[in-house]
Structures are given as structure tokens and as C-alpha cells.
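Report on the structure given below.
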Amino acid sequence: MDFTSRSFRRWGGAAVAVATLAGATLLPASANAAVPPSWVDEQVSFVLGEQLASGAITSFDTKITPYFANIAALGLIEANTAASRAGALKWMRWYLDHLNAAATNVPANSVFDYTYDAATGVETPTGDFDSVDSYASTTLNLAFEAYSSGDPALQSFVSANIGKYEAIANILNFGAPTGVRIETGLDAGLTIAKPSYAVAYTMDNVEVYSGLADFAQLQTALGRSAEASYYDSWATLTKDAILSKLWNPTKNSWDWAFANESNIGVFYAQATAQLWPILYGVVSPSDPKAISAWSQFSAAYPTWFQGGIPDGYPWVSVSRVAQLMGETANADAYLTNVHSRYAPGFTLPSSCSVAVCGQWYNNEAGWFMLAGVASSGSTVPAVSTGHSRLCGAGVFPSPHDSAARATDRPGFATGLDRARERAC
């Protein structure tokens, strides 16, 4: 399988500025100190600096990739400042303003990648996307977390546009030509990346589960019980298909795609497929599948937390998985390692574990914010609202509450839902 098109979404692809660093050495692990809140603030500034007046969040100054921008916006919401929440809202407006009409291999309510010309300010659709399923699912994650923030502007926007979000969610529920759900055959119940690339990736499918599960919770928060049950049933169907069709009981690991065994010595997308079901909540950290997958990943990459990830990009998301698996010291060590190599400029790193290093970009910044907030235990003033649909009148609890974080759900694990459970 050729991973070229897929690698752009996770790695940044050929459009990224690169530097050749012959004989790059690994940096030693730090003293495992918690991430200071100022490091999260740096990433807020980085992402907002990449945001255009239109609301688009660019990658590498010239690309608008909705998947990357969704992760960045999730980080902005978790950072929980007035500026970061406003930036997330601007991006969410951009996304809903760029929904596609149906066409050949283009489901209605999907969104293309765009290019950006700084000289003219023109944003031009490429006519394609890395995936349909993951763009839609992370959009649903974002809608849920935006509403859960308690920010009145974000809540109002999500509530007013719930019909559009339902149309996006339905891409994941229906088969061709309306959506990307596989309806017949051995792989029925899974989703394909996009109509023109009918591969059922493990990483994509666990994102789909998470998006639909979050969307069901959003419908519950809005008092829409019938809709909540409907989307929860699709989330359950997806999870059941993942567990029965993507787990390999012989190897005790996740296949990287349907009917494709993983060689964990291949970092992307075979080793990374071991992490995504933990990250997006398909299995809990205590589940034997999670323990086996994480153990095999850690055995294959024992120095990952010292910079030993065999890729030009840092994959900060690995540190979030480590936090969920209880390896907080290693997670902090890696966040410190990454910061030492990219700060203060956050362009090209001083070193990486391969010959060609990639430039820092919004996807990595988003994961750094998500992992950094979980590490720092910082407390940000709660958003005050007298109309919280989640808990009734009153002040919404801070998503940075350390007690809430201690029992985070898997997935993005921002602590918002557990904070709600304690407060409501």
C-alpha cells in the first residue's frame, strides 16, 4: 500500500520545509517536570498566528487542511483563553461556510483541502481531501468540545448549526454515494477514507467512533434524546466493527487497515495504528488490547520519549497516549524534549531522529496543547454562563480541573466531560 497521500495528513507531506541533519543525535530525557502553562500559551500564539482573517488555520502558510485545523482548534479550546476560544470559533465558522455540494466522489457536506496565496489572499479549493471520514469525525469532536467549554458564543454557534452538524455526521452513517460507511461484505460497519480511496483504516475508524460518540453526547446536552440515541447507535456499531474486524487476535495487535496485518517496525501507519484506539477511546487504558498494543509499540520504540521516533515530525500525540497509559513521566520528558528542539521559533527543529526533519505545524501544536494542559494541571478561570444546557444555571467548571483530569475519558481526554459529571 502506498502511504504517500495518507502521510500528508499525519506528517505534513512534501509541501513542508525540510532540513537535512546528517547524524542527528537524540537529546537526553529531561527531569520529567510538568509542562509549564507558558508552553501551552506559546502554541496558542503559534496557531493564532497561522489563522487568516477568513478564520482558516493554515499549515505551512500555504495549505488549509481541515483535519489539521480541527486538531489545532481542539487544542485552542482546551487552552481555554478568550483569544483561543475566539480562534476556535472563527475556524468553526470557516468550516461550515465551505461545505461541499454533492458531486462524483464528493459527498455533500464534506470539505476540501485548500491552498492559500499570501500575495493575493485567495483561498482555492484543491478539489480533493486526504479523507472524508476523519475530517467529518474530528469536526464532530470539535462541536462537542466547543459546546462543552461553556463559552456562550461557542454554545450559541453549535446550537444554531446543529442541523449542519447532523448532515456532517450522516456522511459517516450512510453508504455511497451519500457517505463512506461500508454496508455489505466482510468489512461492513467500517468506513472508508473517501469514495475514491476505499480503504478502511484503523486510525480513521477509531476517529469515526469518537466523533459519533461525542456527537451523541452533544445531542444529549442539547436535550435531543432521540437524536442522541440515533448517533449513539452508530457509534456502537462502529466500535463493534472495529473490535471484531480490526483487532488481530493472533498478533495481539491492531491491523493497520481491514485485512492488513501490522508490522510494528513500520512506524506509520502500522505502529501508530496501535495507539489510536487508546487515544480515541475505543479501548480503555486498562483493556488488555490497549496494554498489548502499547507494550508492543514501546518495545519497538523504547526511546520514543527521548526523541527516538523514526519520523521527521515529532508526533506529539504519542505523549498523550502515554499520559492515558499512566506513563506521565515519559510523556513529560517527551514534551520537554520536543520543546527544547523547536522553541523558541517553532519552525524547523534543532534535530530529529531521521536525516530529514519536518517543520512544526498546526496539528502538532494542537496535540501539544492537549497534552500540555493535561500535564501542567494549570487552572484557568471557568467560563461563566447563566444558561448552561449541561448543568443548568451557573458557572461551568474549568476544563483544567486537576481532579477531573485524573479520571479523564480516553480519546482527546480533555477532562470536560468528567468535570461536567462532578458539577452536575
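What follows is calculated from the coordinates using simple rules that are stated; it is not laboratory data. These numbers come from a predicted model, not from an experiment. Quick reminder, even Gly has a Cβ in these numbers, built from the backbone with ideal geometry, and neighbours come from all protein chains shown.
How much length would be gained if the chain were fully extended between Thr81 and Asn100, taking 0.36 nm per residue of separation minus their Cα-Cα distance, in nm to one decimal?
3.7 nm
Most tightly packed first, judged by the mean number of other beta-carbon atoms within 10 Å of their residues, the peptides 311-318, 72-79 read 72-79, 311-318.
Between Arg93 and Thr184, the simple label model (points 7 Å from Cα in the Cβ direction) yields a spacing of 4.6 nm.
With 10 angstrom as the radius, rank Ser376, Ser284 by how many other C-beta atoms surround their C-beta, starting from the fewest.
If I rank by nearby Cβ atoms, fewest first, I get Ser284, Ser376.
Our coupling estimate for segment 178-185, obtained by passing each phi through the Karplus curve with A = 6.51, B = -1.76, C = 1.60 and θ = phi - 60°, is 6, x, 10, 6, 7, 9, 9, x Hz, Gly and Pro reported as x.
If you plug the beta carbon distance of Thr250 and Val354 into 1/(1 + (r/R0)^6) with R0 = 35 Å, you get a FRET efficiency near 0.70.
Look at Phe297, Phe174 and count the other Cβ atoms within 10 Å of each Cβ; fewest to most, that gives Phe174, Phe297. Taking amide hydrogens as placed 1.01 Å from N in the peptide plane, the amide H of Lys194 sits under 5 Å from those of Val132, Val199, each at least 5 positions away in sequence or on another chain.
Inter-label distance, Ala259 to Thr236: 2.9 nm, where each label sits 7 Å from its Cα along the C-beta direction.
The spacing between segment 268-332 and segment 179-239, judged by their C-alpha centroids, is 23 Å. If each residue of separation counts as 0.36 nm, what is the full-extension length gain between Asp61 and Ser284 once their alpha-carbon separation is subtracted? That works out to 76.6 nm of additional length. In straight-distance terms, cross-link reach from Lys194 covers every one of the lysines whose alpha-carbon lies under 22 Å from its own, apart from those fewer than eight places away in the same chain; here that gives Lys63, Lys164, Lys239, Lys245. The stretch between Asn161 and Asp117, if pulled fully straight at 0.36 nm per residue, gains 12.9 nm over its current Cα-Cα span.
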